[in-house]
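> Sending over a structure as structure tokens; questions will come in a sec.
The values are calculated or read from the model by the stated rules, or taken from the named source; none is laboratory data. Note that the coordinates shown come from a computational prediction; the quantities given were computed from them, not determined experimentally. Every residue, glycine as well, gets a Cβ built from its backbone with ideal geometry; the counts of neighbours run over all protein chains shown. Heads up: the accessible areas ignore ligands, DNA and RNA and are worked out on the full protein's heavy atoms, side chains in. Shrake-Rupley method; radii C 1.70, N 1.55, O 1.52, S 1.80 Å.
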There are 2 protein chains.
Amino acid sequence: MRSVVVIGVGMTKFGKFPEIPVEQLGREAARDAMKDAGLGPKDIQVAYLGNLTEGRDTGHNSCVAQEILRGAGLLEIPITRVENACASGSSAFREAWMAVASGFYDIAMAVGVEKLTGRGGAPLGRVGDTIEGVAGLAPPGMWAMRAQKHMAQYGTTVEQLAMVAVKNRRHAKLNPRAALAPKEITIEDVRNSPMIAYPLTLFDSCPTTDGGAAAILCSEELAKRYTTKPVYVGAAALVSGTYKNLRDIAVNELERRASKEAFERAGIGPQDLDLAEVHDCFTIAEIVRIENLGLCPEGEGGRWVASGETQLGGKFPINPSGGLLCKGHPVGATGVAQVAELVWQLRGEARARQVQGAKAGLAHCSGGFIGGDTGASVVIILKR
Amino acid sequence: MRSVVVIGVGMTKFGKFPEIPVEQLGREAARDAMKDAGLGPKDIQVAYLGNLTEGRDTGHNSCVAQEILRGAGLLEIPITRVENACASGSSAFREAWMAVASGFYDIAMAVGVEKLTGRGGAPLGRVGDTIEGVAGLAPPGMWAMRAQKHMAQYGTTVEQLAMVAVKNRRHAKLNPRAALAPKEITIEDVRNSPMIAYPLTLFDSCPTTDGGAAAILCSEELAKRYTTKPVYVGAAALVSGTYKNLRDIAVNELERRASKEAFERAGIGPQDLDLAEVHDCFTIAEIVRIENLGLCPEGEGGRWVASGETQLGGKFPINPSGGLLCKGHPVGATGVAQVAELVWQLRGEARARQVQGAKAGLAHCSGGFIGGDTGASVVIILKR
């Protein structure tokens, strides 16, 4: 396979934009990435769009990807929408990477976009015909159970959970594209915000968000034309699966397999990374996932966050963008936005939130309901 | 790129099965294909699932592909759902082909599945926020306009339209997996069936259908282990676009570009084909598309059908499976079911509907709303 370079990334501001149509979010992100790469729509040879919720109860009936991307001038090329729940954007990035790595195409675009506000329809958290769904276990309830298990098993505290939100809000304050207002919050603010599902409060949970993100991938050889700061795709690993042991809900073997595969392909290990963007849909999710991904020992996530090492300026910043918790989580856009953050960081263009000297980073998204139900997990590794 | 062989195909019976869940349709098709290839779920390395309508108003919220395929034992591998409207199944096949042709994987599965009956929600034909949508131009109205244009421009008659339905119903009678009851109909039956949108009647239109189909693709080298009748993928071309000339609604440049690209990659021309499965969602669609695909001269589609050459036993059978019109059109499944039909034909296993000595065939699906709106078109060429 050929080496692949990310030559351009783009992103809309994330936020609640009930008046802005999904097409606008998608085309703005795509145009932003083309501007960053210094190329136009005629240069893009294939595109993949990650999106979850466009469907029969929205304005879009079909060919969602074509409808969204034509506004960015992408008209004749192969365009395909991909869906893997919260990992839809990461999956679109993976397909684009494979399309270039294989030699099928030289330049590919991955776009992620989601429009969650200003629409009727079922809440995002509605679960299917599973046991969990019938019991009403939408994501907040599911993650609350995992938090309680983690607290009982490893001594994690509600204050440690809250520190994830405090840290990511501090990071988001430095990110002009983040959804939440640029202000700092305290552990007390998190604990005093409305209880959603014990022990998780409103501030322990990511906000409903609209937004788009895009990345342009290019063969290594051709990339020299477009960038002097190449960021290489080390790996984009996708795995699927169900829980093997339902009693051990704090451990996700999906994420373990995805990170193992990604590190193997990229030829580096966790010790070689300088930062990570992980799927912190709830504060407990960041803690569980940094463990599952092999970034810290099992059970140590809460204490690691409390140590301050995972905040900007610490040894290993986690979610310097603000993460899903504070930058926002427009589902299909999230995985591509993580890639954009890593690219800015690895190019040294992340301004006030720059991780100094960053040479390699990891992005992670998991999708699907993960308590006996199936899911997908994607781990992307980028390096200078 | 490596040569890729289809080593197994499978299909459920198509029909109206309001009581059968989509998971069952998907897993039955997948199992059928694995049985045909003589392998098990552990042998499949990557899978793509084409589906349009699973979404927020169905039981499935997310990770639709994983939820459907786990029942067939596909649990840990990379699984991705793709959507390109009526070309979703064809697009899944294309991704699976690229995954093997590139050398990323040796064995891939493409599944298409759709569940249209037994559910509430908006009708499939609801169009988005386009001018056509506001005017109520769902697919029957759109195709009726194209039929009238074709009749005025080329002298096509309502009897010629009806002959497409008569032919495809005769073919479907020979296909035990077809949705419509095994009986012959006459031109009068078609004209006397309820008018939907002049000149198109009920029998000029494909039925609402549930069903699943699957195909297993393998590198040429490894394929020797699984089959003595290799069917090669000559091409799987995907293009996107809008109408360039709205006045010329009977011509679709999307399909012209897709077939041109497919023939070029496959290294053969229309004269080398023995049969075709084309997207006959309405009788006029078969006529327009055999012209657009380059199978007959522009404007001659109606007269070609009337000549009898496109029926089984004729020089160039079109839709020997019964087509969308009579085999049925479970959206996401359609493109993969076309592949299954071609494989059976090219292996000489199509029984009563066998096209004698068939060596090469074409499958075509187009998706999206195609009157000023965007769409996708996929042309697949298979050969012995």
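> Does B:HIS364 count as more than 14 Å from chain A (Cβ to nearest Cβ), within 10 Å of the chain's Cα centre (by Cα) and in contact (Cβ under 8 Å) with a residue 24 or more places away in the chain?
Working: more than 14 Å from chain A (Cβ to nearest Cβ): yes; within 10 Å of the chain's Cα centre (by Cα): yes; in contact (Cβ under 8 Å) with a residue 24 or more places away in the chain: yes.
Criteria met by B:HIS364.
> Something else now. Condition first: part of a strand (DSSP E or B), closer than 21 Å to A:HIS150 by Cα and among the hydrophobic types (A, V, I, L, M, F, W, C). Can you find one or more residues in segment A:288-311 that meet it?
Taking segment A:288-311 as the starting set, the residues that turn out to be part of a strand (DSSP E or B) are none.
There is no residue in segment A:288-311 that is part of a strand (DSSP E or B), closer than 21 Å to A:HIS150 by Cα and among the hydrophobic types (A, V, I, L, M, F, W, C).
> Which residue, of B:GLY332, B:GLY294, B:GLY361, B:GLY368, is open to solvent by 10 Å² or more (accessible area, probe 1.4 Å), touching a strand residue (DSSP E or B) at 6+ places or on another chain (Cβ under 6 Å) and closer than 24 Å to B:CYS86 by Cβ?
Working: B:GLY332 fails: open to solvent by 10 Å² or more (accessible area, probe 1.4 Å); B:GLY294 fails: touching a strand residue (DSSP E or B) at 6+ places or on another chain (Cβ under 6 Å); B:GLY361 fails: open to solvent by 10 Å² or more (accessible area, probe 1.4 Å).
Checking each option against the conditions leaves just B:GLY368.
> Sticking with this one: Select the helices (runs of 4 or more DSSP H) contained entirely in segment A:150-268, then report the ones holding at least 2 residues which are away from chain B (no Cβ under 14 Å) and crowded, with 16+ Cβ neighbours inside 10 Å. Please lay out each step first, then the result.
Numbers: elements: A:158-173, A:187-192, A:220-223, A:253-266.
Answer list for segment A:150-268: A:158-173, A:187-192, A:253-266.
> For B:ALA376, work out the one condition from (1) modelled with pLDDT under 95; (2) surrounded by fewer than 23 Cβ atoms within 10 Å (Cβ to Cβ) it doesn't fulfil.
(2)
> In addition: Does segment A:276-286 contain at least one residue that is in contact with a strand residue (DSSP E or B) (Cβ under 6 Å, 6 or more places away or on another chain), at pLDDT 95 or above and assigned to a loop (DSSP other than H, G, I, E, B)? Break it down stepwise before answering.
We begin by selecting, within segment A:276-286, every residue in contact with a strand residue (DSSP E or B) (Cβ under 6 Å, 6 or more places away or on another chain); these are A:276-279, A:282.
Filter once more, keeping what is at pLDDT 95 or above: A:276-279, A:282.
Checking the rest, the ones that are also assigned to a loop (DSSP other than H, G, I, E, B) come to A:278-279.
Yes: one or more hits.
> Look at B:GLU277 and say whether it is closer than 29 Å to B:GLY328 by Cβ, open to solvent by less than 10 Å² (accessible area, probe 1.4 Å) and not polar (S, T, N, Q).
Numbers: closer than 29 Å to B:GLY328 by Cβ: yes; open to solvent by less than 10 Å² (accessible area, probe 1.4 Å): yes; not polar (S, T, N, Q): yes.
Taking the combined requirement at face value, the residue satisfies it.
> Check whether at least one residue in segment A:111-119 is in contact with a strand residue (DSSP E or B) (Cβ under 9 Å, 6 or more places away or on another chain), without any contact (Cβ under 8 Å) to a residue 12 or more places away in the chain and not aromatic (Phe, Trp, Tyr), and report yes or no. Spell out how you get there, then give the answer.
Looking only at segment A:111-119, we keep the residues that are in contact with a strand residue (DSSP E or B) (Cβ under 9 Å, 6 or more places away or on another chain), and these are A:111-118.
Filter once more, so that each one left must be without any contact (Cβ under 8 Å) to a residue 12 or more places away in the chain: none.
There is no residue in segment A:111-119 that is in contact with a strand residue (DSSP E or B) (Cβ under 9 Å, 6 or more places away or on another chain), without any contact (Cβ under 8 Å) to a residue 12 or more places away in the chain and not aromatic (Phe, Trp, Tyr).
> Could I ask something else about it? The conditions are (1) part of a helix (DSSP H, G or I); (2) open to solvent by 30 Å² or more (accessible area, probe 1.4 Å), and B:LYS315 fails exactly one of them. Which is it?
So B:LYS315 meets the others, but not (1).
> Those residues that are of a type in the set (A, V, I, L, M, F, W, C), assigned to a helix (DSSP H, G or I) and either under 15 Å from A:LYS229 (Cα atoms) or in contact with a helix residue (DSSP H, G or I) (Cβ under 8 Å, 6 or more places away or on another chain) (or both), I need them from segment A:339-359; list them, please. Show your work before the answer.
Going residue by residue through segment A:339-359, those that are of a type in the set (A, V, I, L, M, F, W, C) are A:339-340, A:342-344, A:346, A:350, A:352, A:355, A:358.
Filter again for assigned to a helix (DSSP H, G or I), leaving A:339-340, A:342-344, A:346, A:352.
Those that are of a type in the set (A, V, I, L, M, F, W, C), assigned to a helix (DSSP H, G or I) and either under 15 Å from A:LYS229 (Cα atoms) or in contact with a helix residue (DSSP H, G or I) (Cβ under 8 Å, 6 or more places away or on another chain) (or both): A:VAL339, A:ALA340, A:LEU342, A:VAL343, A:TRP344, A:LEU346.
> Among the listed residues B:PHE14, B:PHE93, which satisfies the condition of being under 29 Å from A:TRP97 (Cα atoms) and among the aromatic types (Phe, Trp, Tyr)? Step through it out loud before you land on a result.
On the way: B:PHE14 fails: under 29 Å from A:TRP97 (Cα atoms).
The conditions single out B:PHE93.
> Can you find even one residue in segment B:43-60 that is at pLDDT 95 or above and open to solvent by 10 Å² or more (accessible area, probe 1.4 Å)?
Within segment B:43-60, one or more residues are at pLDDT 95 or above and open to solvent by 10 Å² or more (accessible area, probe 1.4 Å).
> In a helix (DSSP H, G or I) and facing chain B (nearest Cβ under 8 Å): is that true of A:MET1 in this structure?
Numbers: in a helix (DSSP H, G or I): no; facing chain B (nearest Cβ under 8 Å): yes.
Judged against the criteria, A:MET1 is not a match.
> Does A:GLY71 satisfy the condition of being more than 7 Å from every other protein chain (Cβ to nearest Cβ) and at pLDDT below 95? Give the steps one after another, and end with the answer.
Details: more than 7 Å from every other protein chain (Cβ to nearest Cβ): yes; at pLDDT below 95: yes.
Yes.
> Please go through segment A:86-114 and give me each residue that is touching a Leu at 6+ places or on another chain (Cβ under 6 Å) and assigned to a loop (DSSP other than H, G, I, E, B), ordered by number.
A:ASP106 - this is the single residue of segment A:86-114 that is touching a Leu at 6+ places or on another chain (Cβ under 6 Å) and assigned to a loop (DSSP other than H, G, I, E, B).
> Criterion first (modelled with pLDDT of 95 or more and under 27 Å from B:VAL4 (Cα atoms)) does B:GLY267 satisfy it?
On the way: modelled with pLDDT of 95 or more: yes; under 27 Å from B:VAL4 (Cα atoms): yes.
When the stated conditions are applied, B:GLY267 passes them.
> Here's something else I'd like to know. Name the one entry in B:GLU349, B:GLU309, B:GLU341 that is at pLDDT 95 or above, touching a strand residue (DSSP E or B) at 6+ places or on another chain (Cβ under 7 Å) and acidic (Asp, Glu).
Working: B:GLU349 fails: touching a strand residue (DSSP E or B) at 6+ places or on another chain (Cβ under 7 Å); B:GLU309 fails: touching a strand residue (DSSP E or B) at 6+ places or on another chain (Cβ under 7 Å).
Going through B:GLU349, B:GLU309, B:GLU341 in turn, the sole match is B:GLU341.
> In segment B:95-118, what residues are surrounded by 24 or more Cβ atoms within 10 Å (Cβ to Cβ) and at the interface with another protein chain (Cβ under 8 Å from one of its Cβ atoms)?
B:GLU95, B:MET98, B:ALA99
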